[in-house]
Amino acid sequence: MFLLVSASALAQTTLPLSMTTLQNGAATIREGKTGSSRTLVTTYTVSQLRSLRLSKNAALPTIVETTDFGGGRWRYDPADTSTPDNTGTCIVTANGGRFKRQYFRSIDVGWFISPGATDHRSALQAAFKVAKTEKALVYDTGMMTYNIKGPIVVNGDGIAGIALNGTISCQGAGYTALTFTGPLRMRTFRIDLEGNNNALNGIDIQFALITEFDNIRVHACNGFGLRIGRTYDSIYKNISVELCGNATNYAFSVVNGGDTSNMSHFLRLQVEQSREKAIYVAPETLGCVFHNIHSERQRVSRAGTDTWFLGGSTVTYANVRLQANTEGVFSSANAIARFYGTHLTVNDLRIENNCPLVLENWAEGLAQVVVNHINASGNVSRAGKGEVLIDKGYITTLLGATNRFYLRDVTINSVVVGSAPNENFPLTLTRCWVKNLSSAGELSYLKATDSQIDAGDFPKGACWLINSKFSFGTETAGYRRIYANNSTLVGNLTTDAGYVELSNNSSVVGNLTCGFARAIIFDASSYVTGVVKNYGPPESSTYSGGFSVGRRTFNPAPTATGVQYWVCTVPGVKGQPGTWTPISN
């Protein structure tokens with residue numbers, strides 16, 4: 001049970017009170033659990049409590065309660081003479097006494113907010129400061145909107161966590177709303193920030209260590225939305241960044257904050273409707289995993305900039321969907337997606353609205369950039385010094401350099417074979433279906449195994465076909481070398497100095513016309529289905545590398561009494577064919 005006592009009656013009681021100004025207060029006397037004792041609870045507003053003058057020698061009530069600023073219980077601390085009044089956890093009376101709020105490692109932002117306040121920046125700063133000192137959690141009890149008109153900088157080292165249900169709404173421009181310094185070691189982190197389309201930055205997390213980020217949402221900042229400087233051994237469960245970024249700032253980024261970010265896991269990353277720049281992950285990022293990247297309707301009007309730059313070493317990106325806006329001044333052709341790194345893996349990549357994709361491996365050696373299952377509607381190319389592998393999927397257009405580029409089980413609408421340093425680095429296709437193929441330079445090389453090419457021209461440098469089919473229509477000697485092993489060439493082939501070698505049941509399904517300086521080698525199992533004109537032994541070794549003694553070339557259109565094959569009896573070097581002796585039945 002409890003008894004309400006008026007302020008005037010309380011002033012006349014014989015209880016050992018030290019309050020000399022009680023005219024505006026009220027008191028409650030509560031029974032103990034056994035009914036044998038009573039506790040005096042005096043209730044005040046914060047303003048009333050602050051105006052009290054305390055007698056230093058008299059005993060004080062055990063508990064004091066406030067009715068505003070979120071309410072709460074307080075105890076008088078006669079030993080404290082220095083803690084400043086912050087409204088939320090310490091109140092200093094008129095003559096210097098201090099009341100301390102009774103709580104356990106959880107700080108409510110509402111404790112620091114004055115009724116009618118229009119700028120809640122100081123309240124948030126005060127809550128974060130106390131949480132750091134007390135190693136406590138910062139939380140709120142409602143869905144309040146916290147208006148701020150300037151930057152908040154928080155040394156997060158020591159804060160147990162942040163769990164805000166309300167939204168921080170930014171007014172004005174020219175600042176970063178929330179900056180977290182010091183290593184964060186939080187068991188929870190939940191913040192919703194609204195930029196209101198102002199020219200400002202959102203949240204800057206400079207250093208996170210073993211932190212569990214539950215939910216971060218940043219909306220409408222004309223600057224960066226969320227920037228992470230360094231992150232170690234942390235988990236990001238849900239990140240949403242919308243309508244952020246500009247020509248110089250990515251909407252979301254993991255940057256080089258003086259060291260690598262490593263061993264962290266991003267479970268869901270949504271970055272939508274960014275202005276010019278969407279996502280940046282620094283090349284120094286190490287050993288991190290990014291799951292479920294959803295980034296669509298990017299607003300890109302400027303050319304020459306990577307809209308998405310996803311880098312790192314021993315980093316995995318999984319379930320990635322990238323898309324750009326194509327309305328009005330926005331162009332998807334300007335929205336470049338670049339994966340940059342080494343030992344970098346991308347699983348289930350979808351590129352929509354014809355956005356270009358660049359796969360770049362900066363390291364030479366065996367380390368690869370690997371894409372497992374791709375669906376790319378735009379141009380796909382590779383760059384860098386190292387190997388790039390695409391395994392399974394569909395590509396609209398594949399172009400660029402051939403150097404260390406490997407594709408396996410991929411359907412490609414159009415391939416433009418680019419240049420490579422030499423023939424040791426051909427574009428390599430395995431179990432691929434190419435609907436059309438062309439070349440971009442004289443030093444273009446292709447190796448196709450168990451593959452089918454429906455139309456196009458042979459690469460100008462060299463083409464190796466193994467268990468494959470190449471339909472070329474009519475080829476007029478625009479190539480240097482063709483090697484076919486158990487493969488089929490469909491079309492009418494005309495040769496001159498270019499070298500052609502067919503072996504292991506290979507065939508030309510069409511006509512074969514041998515021009516000047518011919519250099520053709522057929523083995524005994526290979527053949528031509530159509531008309532053969534001007535066939536004979538090699539007349540040049542310009543592109544074959546020479547012929548050794550004993551080398552044979554069989555007549556693809558032999559007669560009963562004619563030449564069956566020719567054998568090299570004097571080697572051919574430096575462009576010379578050597579001497580070939582005909583062998584008849």
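Things to note:
- Residue 412, sole failed condition from (1) under 18 Å from the mean Cα position of the chain (by Cα); (2) assigned to a strand (DSSP E or B): (1)
- The one condition in (1) out of contact with any Cys (no Cβ under 6 Å at 6 or more places or on another chain); (2) without any contact (Cβ under 8 Å) to a residue 60 or more places away in the chain; (3) farther than 27 Å from residue 457 by Cβ that residue 362 fails to fulfil: (2)
- Within the option set 240, 169, being out of contact with any Cys (no Cβ under 8 Å at 6 or more places or on another chain), over 17 Å from residue 153 (Cα atoms) and polar (S, T, N, Q) holds for one residue only, 240.
- Test: residue in segment 298-310 that is open to solvent by 10 Å² or more (accessible area, probe 1.4 Å) and within 24 Å of residue 372 (Cα to Cα): yes
- Residue in segment 93-106 that is more than 26 Å from residue 54 (Cβ to Cβ) and within 35 Å of the chain's Cα centre (by Cα) present: yes
- Among the candidates 335, 282, 251, the residue that is within 16 Å of residue 351 (Cβ to Cβ) and open to solvent by less than 20 Å² (accessible area, probe 1.4 Å) is uniquely 335.
- Of the residues making up segment 369-394, those that are open to solvent by 20 Å² or more (accessible area, probe 1.4 Å), over 20 Å from residue 431 (Cα atoms) and of a type outside the set (Lys, Arg) are 377, 379, 383, 384.
Matching residues to (1) among the β-branched types (Val, Ile, Thr); (2) open to solvent by less than 40 Å² (accessible area, probe 1.4 Å); (3) at pLDDT 95 or above:
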site: 172; (1), (2), (3): no, no, yes
site: 194; (1), (2), (3): no, yes, yes
site: 223; (1), (2), (3): no, yes, yes
site: 230; (1), (2), (3): no, no, no
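- Hits in segment 100-109 (condition: touching a helix residue (DSSP H, G or I) at 6+ places or on another chain (Cβ under 8 Å) and open to solvent by 20 Å² or more (accessible area, probe 1.4 Å)): 105
- Single residue of segment 546-559 satisfying the filter (open to solvent by less than 80 Å² (accessible area, probe 1.4 Å) and of a type outside the set (S, T, N, Q)) that is farthest from residue 443 (Cα to Cα): 558
- Picking from residues in segment 200-221 that are among the charged types (D, E, K, R) and open to solvent by 30 Å² or more (accessible area, probe 1.4 Å), the one that is farthest from residue 247 (Cα to Cα) is 212.
- Only one of 543, 527 that is closer than 30 Å to residue 433 by Cβ, in contact (Cβ under 8 Å) with a residue 40 or more places away in the chain and open to solvent by 30 Å² or more (accessible area, probe 1.4 Å): 543
- Set 335, 367: member being among the small types (Gly, Ala, Ser), over 16 Å from residue 274 (Cβ atoms) and touching a residue at least 12 places away in the same chain (Cβ under 8 Å): 367
- Of residues in segment 254-269 being among the hydrophobic types (A, V, I, L, M, F, W, C) and in a loop (DSSP other than H, G, I, E, B), the one least open to solvent (accessible area, probe 1.4 Å): 255
- On the stretch given as segment 425-442, residues that are open to solvent by 70 Å² or more (accessible area, probe 1.4 Å) and at pLDDT 90 or above total 3.
- Total residues in segment 131-144, condition closer than 19 Å to residue 165 by Cα and either of a type in the set (D, E, K, R) or open to solvent by less than 70 Å² (accessible area, probe 1.4 Å) (or both): 7
- Among strands (runs of 3 or more DSSP E) entirely within segment 458-549, having at least 1 residues that are small (Gly, Ala, Ser) singles out 462-466, 469-476, 481-485, 488-495, 499-503, 507-509, 519-522.
- For segment 439-448, a residue qualifies if it is more than 11 Å from residue 415 (Cα to Cα) and either of a type outside the set (S, T, N, Q) or over 33 Å from the mean Cα position of the chain (by Cα) (or both), and the qualifying residues are 441, 442, 443, 445, 447, 448.
- Positions within segment 460-490 being buried (at least 21 other Cβ atoms within 10 Å of the Cβ) and in contact with a Ser or Thr (Cβ under 6 Å, 6 or more places away or on another chain), in sequence order: 460, 461, 465, 468, 484, 487
The values are calculated or read from the model by the stated rules, or taken from the named source; none is laboratory data. Note that this is a predicted model, so its numbers are computed, not measured. As a convention, Cβ positions derive from the backbone with ideal geometry for all residues, glycine included, and neighbour counts pool all protein chains shown. When the accessible area is computed, the model is the full protein with side chains, heavy atoms only, and any ligands, DNA or RNA have been set aside. Shrake-Rupley method; radii C 1.70, N 1.55, O 1.52, S 1.80 Å.
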